[in-house]
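J.: For reference, the structure I am asking about is given below.
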Amino acid sequence: MTSTQQRAALQRQIWQIANAVRGSVDGWDFKQYVLGTLFYRFISENFASYIEGGDESINYATLGDQVITDDIKDDAIKTKGYFIYPSQLFANIAKGANTNESLNTDLARIFAAIESSANGYPSEPDIKGLFADFDTTSNRLGNTVKDKNTRLAAVLKGVAGLDFGEAHGGDFAGNQIDLFGDAYEFLISNYAANAGKSGGEFFTPQHVSRLIARLAMHKQTSVNKIYDPACGSGSLLLQAKKHFDAHIIEDGFWGQEINHTTYNLARMNMFLHNINYDKFNIQLGNTLIDPHFGDDKPFDAIVSNPPYSVKWIGSDDPTLINDERFAPAGVLAPKSKADFGFVLHALSYLSSKGRAAIVCFPGIFYRGGAEQKIRQYLVDNNYVETVISLAPNLFFGTTIAVTILVLSKHKTDTTTQFIDASGLFKKETNNNTLTDAHIEQIMQAFDSKENVDHLARSVPFEQVAANEYNLSVSSYVEAKDNREVVDISQLNAELKTTVAKIDQLRKDIDAIVAEIEGEELEE
């Protein structure tokens, strides 16, 4: 079986398990248990592999907890960020899950122990609360303890049965980690696809993430760190890792997320893609009014798909107009539409050599008022490199055709590029997708900055300013006319022939009528 076939088989199996064990529980509500169990298995096997250190004579899962010394524990936490005793490993708990009458409380105790193992260590903020949404006492699992344990055991057994390949000699790298990470992303993607609007708020489809990551990283041989101010489950950040050599991103992955459950998913996602605690920094909070990482900026690469047109406090907080992120524009994003708040935040955190690629609601590119003033600030200061309109129905939870705004602080001319990619998509069952060929076509246009009929155009500053700083792609790139071309001369010739035929037909009919009438008179 090829790796592609193995992935496909694994993904089919894990989705079947996820649906089978949830019973009557809504899939969206149940996702924490499946995702959390997959994470629990991953960190257990990853940790055991680390302790075994390639020595095939050691099987960590069979050791007694008493053999663990304080030095072993201390070293492990400093390296991995957490500690798991042999008795707490996923494999040992899953083995006896069906007959364990205290399974739900045992799991709660183990998760608390794993989290608290990091207390007092640098990894504490990255580990704390990771299992907070894995509530083993929730009535979603069942009304009685027995019901809860039955469902938990089913999840554990299901995830235990997934074939990620066997670790040999402590080698937990490469294919296994890729399979775990892919399985997690696959699950999140499926849950998002089935969750309606809420799904789109925490997951950006991989094909769009690839494009955004490539735009932000374009021609940067190395970046200090990559940042997403509204990171959701971390899918955008992880696309950067997947498509670029690890050494390019020097200091790791940074993000902020407002939703507590999604914040935990993002941290789990980092671990599941083998990004160690010292290489990521995901924080919880409202980016617009309580931003983190002010002391860590600037960032060489920023990627983001912030929520569209959400309400925020805006001008009701008089201190925000003096905030260094918003003050230069001289105006705040409207209270009913925070989109440009995220754009200005990203710009403030962007380095002089970097790029920010941000998914935006299309209305912000042509509306008047405060949004027009912010566009003027961005264009007058030459921060807008490219505006790309995408096809409709590419994202979960919305069918609108969104736009990608690419910001740069190192432009060499004052033109603004517009790319109309609205016709580039492959029709799928529920959503449209961007193929690799589509992404390549967009990137080639982005790289060359050449004018291509019906696709791309670089527009002088003066023209954008004269157009009241309208940044809608349709204002500058003429859409291709797909209507059938009509040859007027040919059409006239055909009409002439048709008219002649009709005239002849009328004469023939008149002759027949006259003949009939003549016969009637003779009678």
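J.: Which whole number in µm²/s is D for the chain by Stokes-Einstein, with the Kirkwood Rh taken over Cα pairs at 20 °C and 1.002 mPa s?
T.: 82
J.: What lysines sit close enough to residue 73 to cross-link, taking a C-alpha to C-alpha distance under 19 Å and skipping anything fewer than 8 places away on the same chain?
T.: Within the straight-line limit of under 19 Å, residue 73 reaches these lysines: 128.
J.: Over the chain, what is the relative contact order in whole percent, taking alpha-carbon pairs under 8 Å and six or more residues apart?
T.: 11
J.: Further, regarding this structure: Carbon and sulfur together cover what percent of the accessible area of the chain at a 1.4 Å probe radius?
T.: Its accessible area is 49 percent carbon and sulfur atoms.
J.: Longer than 23 Å from Cα to Cα, which of 279/337; 297/373; 80/157; 297/411; 95/148 are they? Say none if no pair is.
T.: 279/337; 297/373; 80/157, as the Cα separations exceed 23 Å there.
J.: A follow-up question, please. Scan the stretch 30-92 for GluC sites (Glu not before Pro) in coil per DSSP, keeping those whose Cβ has at most 13 other Cβ atoms within 10 Å, and list them by number.
T.: Listed in order of number, the matching sites are 56.
J.: Under a cut-off of 19 Å between alpha-carbon atoms, report the aspartates and glutamates in cross-link reach of residue 311, not counting same-chain residues fewer than 8 places apart.
T.: 201, 257, 290, 323, 339, 371
J.: Determine the dipole magnitude for the stretch 43-137: charges of +1 sit on the beta-carbon of Lys and Arg, -1 on that of Asp and Glu, nothing else is charged, the reference point is the Cα centre, and the result goes in debye to the nearest 20.
T.: With only Lys, Arg, Asp and Glu charged at Cβ, the dipole is about 120 debye.
J.: Let me ask you something else. Pairs of Cα atoms under 8 Å, at least six residues apart: use those to get the relative contact order of the stretch 272-408, whole percent.
T.: 23
J.: What is the packing order of peptides 340-351, 450-461, taking the mean over residues of other C-beta atoms within 10 Å and listing the highest first?
T.: Working: 340-351: 23.9, 450-461: 15.7.
So the peptides 340-351, 450-461, ranked by packing, come out 340-351, 450-461.
J.: When all protein chains stay in place, what accessible area (Å², nearest 10, 1.4 Å probe) is found for residue 416?
T.: Looks like 0 Å² after rounding.
J.: 7 Å from Cα along Cα→Cβ at both residue 353 and residue 245: what's the point-to-point distance in nm?
T.: The answer from the label model is 1.6 nm.
J.: Still on this structure, I have one more. By a straight-distance test (C-alpha under 24 Å), which lysines pair with residue 480 as possible cross-link partners, with residues fewer than eight away in the same chain excluded?
T.: Once the sequence-local lysines are set aside, what remains near residue 480 is 426, 427, 449.
The values are calculated or read from the model by the stated rules, or taken from the named source; none is laboratory data. Model, not experiment: these values are computed from the prediction. Because the Cβ atoms are built from the backbone with ideal geometry, glycine has one as well, and the counts that use them run over all protein chains shown. Accessible surface is based on the protein model in full, side chains and every heavy atom, while ligands, DNA and RNA are left aside. Shrake-Rupley method; radii C 1.70, N 1.55, O 1.52, S 1.80 Å.
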